[in-house]
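Working notes for the structure below.
The values are calculated or read from the model by the stated rules, or taken from the named source; none is laboratory data. These figures come from a predicted structure and were not determined experimentally. Positions of Cβ are backbone-derived with ideal geometry, glycine not excepted, and every protein chain shown enters the neighbour counts. Keep in mind that these areas ignore ligands, DNA and RNA; they rest on the heavy atoms of the full protein, side chains included. Shrake-Rupley method; radii C 1.70, N 1.55, O 1.52, S 1.80 Å.
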Amino acid sequence: MNAPDLSTAPSTSEVIVKHLREAIIAGKLDEGEPIRQDDIAQMFKVSKIPVREALKRLEAEGLVMFQRYKGAVVTKISEPELAQMFEVRVLLEVKAVRLALPHMTEATFAQAERICQEFMDESNVGRWAELNWEFHACLYEPAQRPFLISLIRSIHDKVERYLRLQMALSDGKERADREHRAIIEACREGDADKVADMVERHLTGVCQTLYEHLPDNRYTHHG
(Lines give C-alpha, C1' and ligand atoms only; values in the text may rest on other atoms or scores of the structure.)
Protein backbone atom coordinates (compact mmCIF):
# COMPACT_ATOMS: atom_id res chain seq x y z
CA MET A 1 0.00 0.00 0.00
CA ASN A 2 1.33 3.43 -0.97
CA ALA A 3 -0.27 5.37 1.85
CA PRO A 4 0.18 9.16 1.66
CA ASP A 5 2.33 10.75 4.36
CA LEU A 6 -0.32 12.58 6.39
CA SER A 7 2.26 13.99 8.81
CA THR A 8 3.09 16.66 6.21
CA ALA A 9 -0.50 17.24 5.08
CA PRO A 10 -2.11 20.51 6.24
CA SER A 11 -4.60 20.13 9.08
CA THR A 12 -8.29 20.82 8.47
CA SER A 13 -8.09 24.14 10.32
CA GLU A 14 -5.08 25.20 8.17
CA VAL A 15 -7.06 24.51 4.99
CA ILE A 16 -9.98 26.57 6.36
CA VAL A 17 -7.61 29.41 7.41
CA LYS A 18 -6.15 29.55 3.89
CA HIS A 19 -9.63 29.60 2.29
CA LEU A 20 -11.02 32.32 4.60
CA ARG A 21 -7.84 34.43 4.48
CA GLU A 22 -7.97 34.40 0.67
CA ALA A 23 -11.69 35.31 0.68
CA ILE A 24 -11.07 38.26 3.05
CA ILE A 25 -7.99 39.54 1.21
CA ALA A 26 -9.73 39.25 -2.17
CA GLY A 27 -12.68 41.26 -0.81
CA LYS A 28 -15.17 38.39 -1.23
CA LEU A 29 -16.10 38.87 2.43
CA ASP A 30 -16.94 42.48 3.26
CA GLU A 31 -15.72 44.28 6.37
CA GLY A 32 -18.09 43.86 9.30
CA GLU A 33 -19.67 40.83 7.63
CA PRO A 34 -20.31 37.94 10.06
CA ILE A 35 -18.55 34.65 9.29
CA ARG A 36 -21.08 31.97 10.20
CA GLN A 37 -19.36 28.97 11.73
CA ASP A 38 -22.22 26.61 10.82
CA ASP A 39 -22.02 27.60 7.14
CA ILE A 40 -18.23 27.14 7.01
CA ALA A 41 -18.44 23.79 8.82
CA GLN A 42 -21.11 22.65 6.35
CA MET A 43 -19.07 23.86 3.37
CA PHE A 44 -16.03 21.82 4.45
CA LYS A 45 -18.15 18.96 5.88
CA VAL A 46 -16.44 19.19 9.27
CA SER A 47 -17.40 19.92 12.87
CA LYS A 48 -17.26 23.47 14.23
CA ILE A 49 -14.03 22.74 16.16
CA PRO A 50 -11.54 23.25 13.25
CA VAL A 51 -13.62 26.25 12.10
CA ARG A 52 -13.25 27.85 15.54
CA GLU A 53 -9.49 27.11 15.48
CA ALA A 54 -9.23 28.74 12.04
CA LEU A 55 -11.11 31.85 13.17
CA LYS A 56 -8.86 32.17 16.24
CA ARG A 57 -5.82 32.07 13.92
CA LEU A 58 -7.34 34.78 11.72
CA GLU A 59 -8.13 36.83 14.83
CA ALA A 60 -4.42 36.65 15.79
CA GLU A 61 -3.56 37.87 12.27
CA GLY A 62 -5.95 40.79 12.68
CA LEU A 63 -8.28 39.76 9.84
CA VAL A 64 -11.18 38.68 12.06
CA MET A 65 -12.57 39.93 15.35
CA PHE A 66 -15.15 38.43 17.71
CA GLN A 67 -18.11 40.64 18.59
CA ARG A 68 -20.83 40.01 21.14
CA TYR A 69 -24.05 38.69 19.56
CA LYS A 70 -22.46 38.63 16.09
CA GLY A 71 -19.64 36.14 16.59
CA ALA A 72 -16.68 36.36 14.19
CA VAL A 73 -16.74 39.27 11.75
CA VAL A 74 -14.26 40.55 9.16
CA THR A 75 -12.13 43.31 10.71
CA LYS A 76 -12.57 46.86 9.51
CA ILE A 77 -9.47 49.05 9.48
CA SER A 78 -10.02 52.78 9.93
CA GLU A 79 -7.83 55.47 8.34
CA PRO A 80 -6.09 56.31 11.66
CA GLU A 81 -5.35 52.59 12.25
CA LEU A 82 -4.01 52.22 8.73
CA ALA A 83 -1.82 55.30 9.21
CA GLN A 84 -0.40 53.82 12.42
CA MET A 85 0.29 50.48 10.73
CA PHE A 86 2.22 52.21 7.97
CA GLU A 87 4.03 54.44 10.46
CA VAL A 88 5.32 51.30 12.23
CA ARG A 89 6.00 49.57 8.91
CA VAL A 90 8.14 52.53 7.73
CA LEU A 91 10.16 52.48 10.98
CA LEU A 92 10.76 48.72 10.77
CA GLU A 93 11.48 48.54 7.02
CA VAL A 94 13.89 51.48 7.04
CA LYS A 95 15.76 49.78 9.91
CA ALA A 96 15.70 46.41 8.10
CA VAL A 97 17.07 47.79 4.82
CA ARG A 98 19.83 49.72 6.65
CA LEU A 99 20.88 46.51 8.46
CA ALA A 100 20.69 44.49 5.23
CA LEU A 101 22.56 46.87 2.89
CA PRO A 102 26.15 45.96 3.90
CA HIS A 103 25.37 42.26 3.35
CA MET A 104 23.64 42.56 -0.04
CA THR A 105 25.34 40.84 -2.99
CA GLU A 106 24.85 40.75 -6.75
CA ALA A 107 22.70 37.65 -6.12
CA THR A 108 20.37 39.79 -3.95
CA PHE A 109 19.96 42.35 -6.74
CA ALA A 110 19.45 39.67 -9.40
CA GLN A 111 16.74 37.99 -7.30
CA ALA A 112 15.03 41.36 -6.65
CA GLU A 113 15.05 42.10 -10.40
CA ARG A 114 13.62 38.64 -11.19
CA ILE A 115 10.77 39.31 -8.72
CA CYS A 116 10.16 42.73 -10.36
CA GLN A 117 9.91 41.07 -13.78
CA GLU A 118 7.56 38.35 -12.51
CA PHE A 119 5.47 41.07 -10.84
CA MET A 120 5.08 42.97 -14.12
CA ASP A 121 4.36 39.79 -16.15
CA GLU A 122 1.75 38.54 -13.64
CA SER A 123 -1.87 39.18 -14.67
CA ASN A 124 -3.42 37.54 -11.59
CA VAL A 125 -4.19 40.38 -9.14
CA GLY A 126 -4.11 37.86 -6.30
CA ARG A 127 -0.37 37.35 -6.84
CA TRP A 128 0.59 41.04 -7.00
CA ALA A 129 0.61 41.74 -3.25
CA GLU A 130 2.46 38.46 -2.59
CA LEU A 131 5.15 39.30 -5.17
CA ASN A 132 5.32 42.81 -3.70
CA TRP A 133 6.06 41.21 -0.32
CA GLU A 134 8.65 38.86 -1.88
CA PHE A 135 10.46 41.89 -3.31
CA HIS A 136 10.64 43.66 0.06
CA ALA A 137 11.58 40.45 1.94
CA CYS A 138 14.36 39.75 -0.59
CA LEU A 139 16.00 43.09 0.29
CA TYR A 140 15.61 42.62 4.06
CA GLU A 141 16.73 38.98 4.37
CA PRO A 142 20.48 39.81 4.25
CA ALA A 143 19.96 41.66 7.58
CA GLN A 144 19.54 38.20 9.20
CA ARG A 145 16.82 39.50 11.52
CA PRO A 146 13.99 36.93 11.14
CA PHE A 147 11.99 38.35 14.07
CA LEU A 148 12.08 41.85 12.56
CA ILE A 149 11.02 40.51 9.15
CA SER A 150 8.16 38.47 10.68
CA LEU A 151 6.86 41.65 12.38
CA ILE A 152 6.93 43.49 9.04
CA ARG A 153 5.19 40.51 7.41
CA SER A 154 2.39 40.54 10.00
CA ILE A 155 1.65 44.21 9.18
CA HIS A 156 1.76 43.44 5.45
CA ASP A 157 -0.80 40.62 5.93
CA LYS A 158 -3.21 42.97 7.73
CA VAL A 159 -3.20 45.51 4.88
CA GLU A 160 -2.82 43.10 1.95
CA ARG A 161 -6.49 43.32 0.89
CA TYR A 162 -6.11 47.11 0.54
CA LEU A 163 -2.83 46.73 -1.35
CA ARG A 164 -4.61 44.49 -3.87
CA LEU A 165 -7.39 47.02 -4.25
CA GLN A 166 -4.95 49.89 -4.70
CA MET A 167 -2.86 48.05 -7.29
CA ALA A 168 -5.93 46.96 -9.23
CA LEU A 169 -7.72 50.31 -9.32
CA SER A 170 -4.94 52.82 -9.92
CA ASP A 171 -1.57 52.89 -11.64
CA GLY A 172 -0.32 51.28 -8.42
CA LYS A 173 1.33 48.36 -10.19
CA GLU A 174 3.40 50.46 -12.61
CA ARG A 175 4.31 52.95 -9.89
CA ALA A 176 5.41 50.13 -7.54
CA ASP A 177 7.60 48.68 -10.29
CA ARG A 178 9.27 52.03 -11.02
CA GLU A 179 9.96 52.67 -7.35
CA HIS A 180 11.14 49.08 -6.70
CA ARG A 181 13.67 49.27 -9.55
CA ALA A 182 14.92 52.65 -8.32
CA ILE A 183 15.40 51.15 -4.82
CA ILE A 184 17.47 48.29 -6.31
CA GLU A 185 19.72 50.81 -8.09
CA ALA A 186 20.20 52.80 -4.87
CA CYS A 187 21.07 49.56 -3.03
CA ARG A 188 23.67 48.80 -5.74
CA GLU A 189 25.24 52.21 -5.10
CA GLY A 190 25.47 51.31 -1.40
CA ASP A 191 24.21 54.69 -0.15
CA ALA A 192 22.36 53.79 3.08
CA ASP A 193 20.78 57.24 3.60
CA LYS A 194 19.49 57.35 0.01
CA VAL A 195 18.06 53.79 0.24
CA ALA A 196 16.39 54.50 3.60
CA ASP A 197 14.86 57.72 2.23
CA MET A 198 13.55 55.94 -0.89
CA VAL A 199 12.00 53.08 1.11
CA GLU A 200 10.35 55.62 3.43
CA ARG A 201 8.95 57.68 0.53
CA HIS A 202 7.81 54.52 -1.29
CA LEU A 203 5.82 53.23 1.72
CA THR A 204 4.42 56.67 2.60
CA GLY A 205 3.22 57.05 -1.00
CA VAL A 206 1.55 53.64 -0.92
CA CYS A 207 -0.23 54.58 2.31
CA GLN A 208 -1.50 57.88 0.88
CA THR A 209 -2.81 56.12 -2.23
CA LEU A 210 -4.50 53.49 -0.07
CA TYR A 211 -6.57 56.20 1.64
CA GLU A 212 -8.23 56.93 -1.69
CA HIS A 213 -9.28 53.29 -1.98
CA LEU A 214 -10.41 52.51 1.54
CA PRO A 215 -13.62 50.43 1.60
CA ASP A 216 -15.73 53.46 2.62
CA ASN A 217 -14.96 54.82 -0.86
CA ARG A 218 -14.88 51.42 -2.51
CA TYR A 219 -17.99 51.95 -4.59
CA THR A 220 -17.81 55.71 -5.07
CA HIS A 221 -14.42 56.41 -6.63
CA HIS A 222 -15.48 55.12 -10.08
CA GLY A 223 -17.56 58.25 -10.68
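Residues to consider are I115, I152; find the one that is under 22 Å from A83 (Cα atoms), part of a helix (DSSP H, G or I) and aliphatic (A, V, I, L, M).
Details: I115 fails: under 22 Å from A83 (Cα atoms).
The conditions single out I152.
So which residues in the range 41-83 are closer than 30 Å to Y211 by Cβ and in contact with a Ser or Thr (Cβ under 8 Å, 6 or more places away or on another chain)?
R57, E61, G62, L63, V64, M65
Among residues belonging to the range 178-195 that are basic (K, R) and open to solvent by less than 90 Å² (accessible area, probe 1.4 Å), point out the one that is nearest to E93 (Cα to Cα). Show your work before the answer.
At the first step, the residues of the range 178-195 found to be basic (K, R) are 178, 181, 188, 194.
Now drop any that are not open to solvent by less than 90 Å² (accessible area, probe 1.4 Å), which leaves 181, 188, 194.
Working: R181: 17, R188: 18, K194: 14 Å.
Among those that are basic (K, R) and open to solvent by less than 90 Å² (accessible area, probe 1.4 Å), it is K194.
State yes or no: is V51 open to solvent by less than 90 Å² (accessible area, probe 1.4 Å), part of a helix (DSSP H, G or I) and either touching a Pro at 6+ places or on another chain (Cβ under 9 Å) or over 27 Å from N124 (Cβ atoms) (or both)?
Numbers: open to solvent by less than 90 Å² (accessible area, probe 1.4 Å): yes; part of a helix (DSSP H, G or I): yes; either touching a Pro at 6+ places or on another chain (Cβ under 9 Å) or over 27 Å from N124 (Cβ atoms) (or both): yes.
Yes: the conditions hold for V51.
Give the residues of the range 121-138 that are open to solvent by 60 Å² or more (accessible area, probe 1.4 Å) and not charged (D, E, K, R), sorted by residue number. Before the answer, list the steps.
Of all residues in the range 121-138, those open to solvent by 60 Å² or more (accessible area, probe 1.4 Å) come to 121, 123-124, 127, 134.
Result: S123, N124.
What about K56, is it at pLDDT 90 or above and either surrounded by fewer than 16 Cβ atoms within 10 Å (Cβ to Cβ) or among the aliphatic types (A, V, I, L, M) (or both)?
On the way: at pLDDT 90 or above: yes; either surrounded by fewer than 16 Cβ atoms within 10 Å (Cβ to Cβ) or among the aliphatic types (A, V, I, L, M) (or both): yes.
So K56 fits the description; yes.
Listed residues F147, F135; which is of a type outside the set (A, V, I, L, M), at pLDDT 80 or above, in contact with a Cys (Cβ under 9 Å, 6 or more places away or on another chain) and under 25 Å from L99 (Cα atoms)?
Details: F147 fails: in contact with a Cys (Cβ under 9 Å, 6 or more places away or on another chain).
Step by step, each of F147, F135 is checked, and only F135 is of a type outside the set (A, V, I, L, M), at pLDDT 80 or above, in contact with a Cys (Cβ under 9 Å, 6 or more places away or on another chain) and under 25 Å from L99 (Cα atoms).
Testing A41 on (1) hydrophobic (A, V, I, L, M, F, W, C); (2) outside any helix (DSSP H, G or I); (3) touching a Lys or Arg at 6+ places or on another chain (Cβ under 7 Å), one condition comes back false. Which one is that?
Failing condition for A41: (2).
When residues of the range 59-87 are filtered for being part of a helix (DSSP H, G or I), touching a residue at least 12 places away in the same chain (Cβ under 8 Å) and surrounded by 13 or more Cβ atoms within 10 Å (Cβ to Cβ), how many remain?
In the first step, residues of the range 59-87 are kept if they are part of a helix (DSSP H, G or I); the result is 59-60, 79-87.
Add one more test, that the residue is touching a residue at least 12 places away in the same chain (Cβ under 8 Å), and what stays is 59, 79, 82-83, 85-86.
Next cut, surrounded by 13 or more Cβ atoms within 10 Å (Cβ to Cβ) only: 59, 82-83, 85-86.
Residues that pass the stated criteria total 5.
Open to solvent by 10 Å² or more (accessible area, probe 1.4 Å), acidic (D, E) and within 16 Å of M85 (Cβ to Cβ), is that true of E200?
On the way: open to solvent by 10 Å² or more (accessible area, probe 1.4 Å): yes; acidic (D, E): yes; within 16 Å of M85 (Cβ to Cβ): yes.
Here the answer is yes, as E200 does meet what is asked.
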